[in-house]
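Since the structure comes first, as structure tokens, the remarks are kept for the end.
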Amino acid sequence: MVTKKEIKQSFFIALWFMVLTFPLMVIKVNTIKNIVVFRWTNLIWVGIVGFLASLIWNYFLRMKDEKKKADTKDNIPIVHRLLQNEKFRIPFLAAIGIFALVYPFVFPMYHTSIMISALVYVMLGLGLNIVVGLAGLLDLGYVAFYAVGAYAYALLNLHFGISFWVVLPIAALLGTIFGTLLGYPVLRLRGDYLAIVTLGFGEIIRIVLENWDELGNGPRGIGNIPSPSFFGHQFNQHNSVIYIYFIVIALVLLTIFFVNRLENSRIGRAWIALRDDEIACQAMGIDKFKTKLTAFALGATWAALGGVVFAAKTSFINPMSFTIWESITILCVVVIGGMGSAIGVIAGALVLILLPEYLRAVAEYRMLVFGALQVVVMVFKPEGLIQGVRKIYKFKKVEE
Amino acid sequence: MEPILNVKNLTMNFGGLKALDTVNLTVEKGQIAALIGPNGAGKTTFFNCITGIYEPSEGLVEITPPGKPTQKLNGLKTNYVTERGLARTFQNIRLFEGMTVLENVMIGRHCRLKSGIIKAMLRTSSQKDEEKQAVYDSYEILEKIGLDQYVDEMAVNLPYGAQRRLEIARALATDPFLLLLDEPAAGMNPQETKELDELIVWLRDNENVSILLIEHDMKLVMSLSDNIHVVDYGKKIAEGTPEEVKSNPEVIKAYLGDESEDA
Ligand SMILES: Nc1ncnc2c1ncn2[C@@H]1O[C@H](COP(=O)(O)OP(=O)(O)OP(=O)(O)O)[C@@H](O)[C@H]1O
Ligand SMILES: [Mg+2]
């Protein structure tokens with residue numbers, strides 16, 4: 001039940017909001033007539049909405065506390081439970097598989113195109129998840145490697161006519177190399193310092209691209225990037241979108257496949273150990289620097305792969321596609337989806353990229369919505385939409 | 001008896017503070033040695049210096065692993081110290097909270113395994129065998145330490161005493177010849193302390209490790225130790241068998257001067 005105290009609190013919060021938004025919501029300067037209009041009705045609305053929002057917020061907070069008390073143990077996300085259950089796993093995966101398969105044929109091209117973007121973000125998210133989610137390195141310049149991949153395809157194709165399929169492994173390698181080169185000096189820093197320096201590096205790459213006209217036409221960018229060919233056959237525009245869709249699906253599957261293997265390997269465990277406790281990790285004989293560098297370089301590899309697909313899909317790239325906002329969006333995908341949780345990241349990418357596309361009305365407020373979502377997730381579900389679970393090893397107990 | 005750890009004139013300055021002042025200490029093979037002293041005496045700093053977490057201002061740290069030549073540890077990074085066979089636990093428990101108990105121990109195996117990224121991605125047969133072996137070895141260690149019932153729990157969910165034991169299990173997984181235990185009994189109840197006592201003796205007798213432990217529980221120290229080193233204000237003030245140390249006037253003075261002691 002709502003208590004008196006809560007009502008009082010909500011009342012003051014509403015009052016505070018009214019004061020806070022007064023200049024924005026109430027005062028309006030009409031520059032044509034040179035008069036100031038006071039929109040008092042807005043003030044009342046802000047008050048009512050603030051009051052109700054605060055009540056609802058409190059209600060959910062209390063629900064969360066009660067739920068926490070009720071069951072502390074059984075908090076494995078439902079998706080994981082479905083996947084762990086032999087009976088459900090096959091039908092569950094089959095349903096997703098069939099949906100993915102028929103998707104581009106059932107829905108118009110526009111939807112397929114949006115889905116491709118979302119799937120590219122799944123790849124980017126899974127790559128960044130290695131760096132941020134598993135190894136705990138806050139990388140705000142991830143988009144730099146995305147740019148490396150995109151420009152690698154655009155330039156190699158422009159100058160040497162190299163095809164998509166050949167560029168793919170080259171770009172991956174370039175991503176690894178750039179990741180190692182950038183990681184080498186910056187990974188000696190930690191926490192906030194690392195975040196700031198990677199942010200700087202990301203911006204440097206963009207500014208270089210913007211100003212180096214000879215390399216990639218500067219801000220004008222590179223156009224006419226061909227879409228991938230199918231054994232030499234070039235599809236028409238419509239079919240080519242479908243084709244790219246399936247390529248991304250394949251790449252996403254490949255990513256999930258490899259990331260899952262890495263996560264439960266010697267190196268994956270070392271990443272998580274490093275994230276959980278750097279000193280204990282080193283005391284267990286793990287080389288801190290090397291482990292960080294592998295995570296960083298591997299994350300960069302996937303970013304570059306994503307970049308190639310992006311360039312092939314849009315057929316035009318310029319430095320504006322690789323701003324800091326891109327890095328932040330990918331980071332949001334990881335944090336909101338669930339740090340260190342592959343399934344969470346996939347869900348996060350689909351939600352965060354598809355929603356703004358379909359809710360065109362809020363698309364303008366994308367960053368605002370991200371911010372609000374970030375706050376809500378951090379308060380109510382700090383582990384992200386779908387929390388990661390660790391592998392349970394099966395082995396036969398030996399008889400003594 | 002040959003010394004397996006030989007520390008000479010170890011000095012550690014923090015700005016003006018001499019946390020360690022020309023400390024000499026040796027541990028012999030098969031020994032259980034203790035390092036005791038009042039709060040802030042510099043015991044943990046001593047561990048940090050020999051395991052490469054701090055770089056000592058002066059002094060020499062040498063080890064002689066069984067069957068291997070003597071080597072210097074100064075200036076070596078922590079992970080290489082561990083690789084050479086010195087493993088430690090922490091006074092303030094430092095487990096990997098995002099992992100299961102088994103995985104925590106598997107982290108200890110890390111430096112004895114080889115598979116890298118490529119092998120993990122391709123899951124080669126050598127990588128699979130290695131993983132299987134690591135799981136098996138880790139489980140065996142958990143059995144020895146008496147934690148096998150918790151194998152799939154997340155490490156944070158363990159009771160306090162079990163967390164301390166898990167730290168020992170994890171350290172043991174690195175195949176050390178010398179275990180450095182920083183206050184392993186801190187926060188344990190008498191029953192748990194007794195079990196710890198037995199565990200430490202068992203480790204020495206069956207696992208071929210020597211032990212150097214820091215401990216405030218004097219009953220435990222006196223019953224366990226072959227040799228006790230006492231430090232106060234960074235200086236070593238006494239060394240000897242439990243009997244000798246107990247009757248040493250310097251030691252009595254150091255402890256009586258500190259009211260927070262329970263000796
Ligand atoms: N990183 C550091 N920087 C500055 N001073 C330090 C640092 N680490 C330890 N000290 C100081 O060195 C002294 C010895 O600390 P240390 O932690 O080694 O004591 P201790 O013997 O382990 O004590 P306790 O029994 O309380 O664990 C203390 O005065 C402490 O404040
Ligand atoms: Mg200490």
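Data table
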{"quantity": "Residues located in the stretch B:182-197, provided they are open to solvent by 50 Å² or more (accessible area, probe 1.4 Å) and within 16 Å of ligand 1 (Cβ to nearest atom)", "calculated": "B:187"}
{"quantity": "Within the stretch B:198-239, considering residues that are under 17 Å from residue B:171 (Cα atoms) and part of a loop (DSSP other than H, G, I, E, B), the one farthest from ligand 1 (Cβ to nearest atom)", "calculated": "B:208"}
{"quantity": "Search result, residues across the stretch A:276-287 that are at the interface with another protein chain (Cβ under 7 Å from one of its Cβ atoms) and either in contact with a helix residue (DSSP H, G or I) (Cβ under 6 Å, 6 or more places away or on another chain) or charged (D, E, K, R) (or both)", "calculated": "A:276, A:277, A:282, A:283, A:284, A:285, A:286, A:287"}
{"quantity": "Residue match in the stretch A:358-373 (condition: in contact (Cβ under 8 Å) with a residue 24 or more places away in the chain, in contact with a helix residue (DSSP H, G or I) (Cβ under 8 Å, 6 or more places away or on another chain) and under 23 Å from residue A:271 (Cβ atoms))", "calculated": "no"}
{"quantity": "Out of A:305, A:298, A:293, sole residue that is at the interface with another protein chain (Cβ under 9 Å from one of its Cβ atoms) and in contact (Cβ under 8 Å) with a residue 60 or more places away in the chain", "calculated": "A:298"}
{"quantity": "Cβ pairs under 9 Å, 6+ apart, first in the stretch B:84-105 and without any contact (Cβ under 8 Å) to a residue 60 or more places away in the chain, second assigned to a strand (DSSP E or B)", "calculated": "B:84/B:63; B:84/B:71; B:92/B:182; B:97/B:154; B:98/B:154; B:99/B:154; B:100/B:154"}
{"quantity": "Among residues of the stretch B:58-82, those that are among the polar types (S, T, N, Q), away from chain A (no Cβ under 14 Å) and either crowded, with 16+ Cβ neighbours inside 10 Å or in contact with a Cys (Cβ under 6 Å, 6 or more places away or on another chain) (or both), counted", "calculated": "1"}
{"quantity": "Helices (runs of 4 or more DSSP H) contained entirely in the stretch B:93-197, each with at least 2 residues that are modelled with pLDDT under 95, at positive phi and away from chain A (no Cβ under 13 Å)", "calculated": "none"}
{"quantity": "Residue satisfying all of: in the stretch B:45-57; within 21 Å of residue B:92 (Cα to Cα) and more than 16 Å from ligand 2 (Cβ to nearest atom); farthest from the other protein chains (Cβ to nearest Cβ) among these", "calculated": "B:55"}
{"quantity": "Subset of the stretch B:1-50 that is hydroxyl-bearing (Ser, Thr, Tyr) and more than 8 Å from ligand 1 (Cβ to nearest atom) - its residue that is most open to solvent (accessible area, probe 1.4 Å)", "calculated": "B:22"}
{"quantity": "Residue within the stretch A:65-78 that is among the hydrophobic types (A, V, I, L, M, F, W, C), over 30 Å from residue A:252 (Cβ atoms), at pLDDT below 85 and not in a helix (DSSP H, G or I) present", "calculated": "no"}
{"quantity": "Subset of the stretch B:83-92 [more than 16 Å from ligand 1 (Cβ to nearest atom) and facing chain A (nearest Cβ under 9 Å)]", "calculated": "B:83, B:87"}
{"quantity": "Count of the stretch A:320-375 residues which are open to solvent by 50 Å² or more (accessible area, probe 1.4 Å), closer than 24 Å to residue A:76 by Cα and not in a helix (DSSP H, G or I)", "calculated": "1"}
{"quantity": "Residue within the stretch A:296-316 that is within 26 Å of residue A:177 (Cα to Cα) and either surrounded by fewer than 16 Cβ atoms within 10 Å (Cβ to Cβ) or touching a His at 6+ places or on another chain (Cβ under 9 Å) (or both) present", "calculated": "yes"}
{"quantity": "Total residues in the stretch A:190-212, condition at pLDDT below 85 and open to solvent by 50 Å² or more (accessible area, probe 1.4 Å)", "calculated": "1"}
{"quantity": "Qualifying position, being open to solvent by less than 100 Å² (accessible area, probe 1.4 Å) and either under 22 Å from residue A:376 (Cβ atoms) or modelled with pLDDT of 85 or more (or both), among A:36, A:19", "calculated": "A:36"}
{"quantity": "Test: residue in the stretch A:257-265 that is surrounded by fewer than 14 Cβ atoms within 10 Å (Cβ to Cβ), out of contact with any strand residue (DSSP E or B) (no Cβ under 7 Å at 6 or more places or on another chain) and basic (Lys, Arg)", "calculated": "no"}
{"quantity": "Residues within the stretch A:243-297 that are of a type in the set (Asp, Glu) and assigned to a helix (DSSP H, G or I), tallied", "calculated": "3"}
{"quantity": "Residue satisfying condition, being under 30 Å from residue A:390 (Cα atoms), surrounded by 15 or more Cβ atoms within 10 Å (Cβ to Cβ) and more than 16 Å from ligand 1 (Cβ to nearest atom), within set B:150, B:160", "calculated": "B:150"}
{"quantity": "Sole residue being away from ligand 2 (no atom under 16 Å from the Cβ), open to solvent by less than 20 Å² (accessible area, probe 1.4 Å) and without any contact (Cβ under 8 Å) to a residue 40 or more places away in the chain, chosen from B:120, B:169, B:155, B:173", "calculated": "B:120"}
{"quantity": "Test: residue in the stretch A:118-138 that is of a type in the set (S, T, N, Q) and surrounded by fewer than 24 Cβ atoms within 10 Å (Cβ to Cβ)", "calculated": "no"}
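The values are calculated or read from the model by the stated rules, or taken from the named source; none is laboratory data. Since we're looking at a predicted model, the values are computed, not measured. Don't worry about glycine lacking a Cβ; one is built from the backbone with ideal geometry, like all the others, and counts go over all protein chains shown. Side chains are part of the model used for accessible areas, which takes the heavy atoms of the whole protein and leaves out ligands, DNA and RNA. Shrake-Rupley method; radii C 1.70, N 1.55, O 1.52, S 1.80 Å.
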